[in-house]
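Contents: one structure, followed by commentary.
We did not get these values from a lab; they are worked out from the coordinates using the rules stated. The model shown is predicted, which means the values in this text are computed figures rather than measured ones. Note that each Cβ is placed from the backbone with ideal geometry, even for glycine, and that neighbours are counted across all protein chains shown.
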Amino acid sequence: MDFEMQEREREVRELLDRGYDLFKNADYEQARTMYEKAVELAPRSAEAHAWLAAAYGRLIEEAWNLKDKIKLLPLLEEEIAIALDIDPALPLARRMYGAKLLNTPDMLGGDPAAAADEFRYCIEQGMDDADIWVFLGESYLKSDEPEQAIVALQEALAREPGHEQAIRWLEEAKKAQE
């Protein structure tokens with residue numbers, strides 16, 4: 001590997017790391033900027049495309065009006081498609097695809113059961129944070145599988161006992177089970 005290529009990889013890693021820090025601090029617009037630069041430097045990086053998709057997903061969640069959400073959705077879908085085309089086994093890309101399937105209305109291509117498949121894959125590949133279990137639980141709940149939702153949400157709470165969304169979904173799952 002020549003020096004120029006090593007330097008580019010180092011720069012991409014630095015951009016991804018800075019983007020991740022911004023993402024974790026809920027500065028999704030600046031994170032998007034870092035990820036866009038990483039994609040520009042490494043267009044065949046599935047990880048860069050997956051993180052850019054993650055930033056678009058959070059920007060969609062934060063958007064106040066439907067027009068902004070609709071404008072961002074194709075960008076999210078494109079980045080997920082590119083990441084999966086480059087590396088269909090990348091757990092982060094599969095997680096983003098699962099989140100898209102979970103949070104998109106059925107009439108626009110959402111599919112909570114397929115989302116559950118993606119989240120289970122991520123868990124099998126070592127993703128074991130509370131949020132992935134919450135997403136799985138929500139997928140089960142939206143697929144009318146409250147028993148499985150309860151198990152997944154209990155797993156989330158075992159990892160993060162005060163997880164507010166897990167607590168809310170667990171209450172809903174228990175009501176659905178009655």
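Below is a table of values for the structure above.
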quantity: Net +/- balance of residues flanking Arg168 in space, Cβ distance below 15 Å, scoring K and R +1, D and E -1; calculated: -3
quantity: Euclidean distance of C-alpha centroids, the range 110-142 and the range 5-82, integer Å; calculated: 21
quantity: Overall form of the range 40-122 per C-alpha gyration tensor (a/c, 1.5; a/b vs b/c); calculated: oblate
quantity: Column: log10 I(q)/I(0), Debye, Cα scatterers of the chain, q = 0.10, 0.20 Å⁻¹; calculated: -0.41, -1.36
quantity: Above-threshold pairs, the threshold being 30 Å between Cα atoms, out of Lys24/Lys100; Lys69/Lys174; Lys67/Lys175; Lys37/Lys142; Lys71/Lys174; Lys100/Lys174; calculated: Lys69/Lys174; Lys67/Lys175; Lys37/Lys142; Lys71/Lys174
quantity: Förster radius 25 Å - calculated FRET efficiency between Gln30 and Leu66 (Cβ-Cβ, nearest 0.05); calculated: 0.55
quantity: Cα-centred dipole magnitude for the chain, charges only on beta-carbon of K, R (+1) and D, E (-1), debye, nearest 20; calculated: 300
quantity: Tensor-based shape of the range 100-153 (alpha-carbon gyration tensor, a/c under 1.5 rounded, otherwise prolate or oblate); calculated: oblate
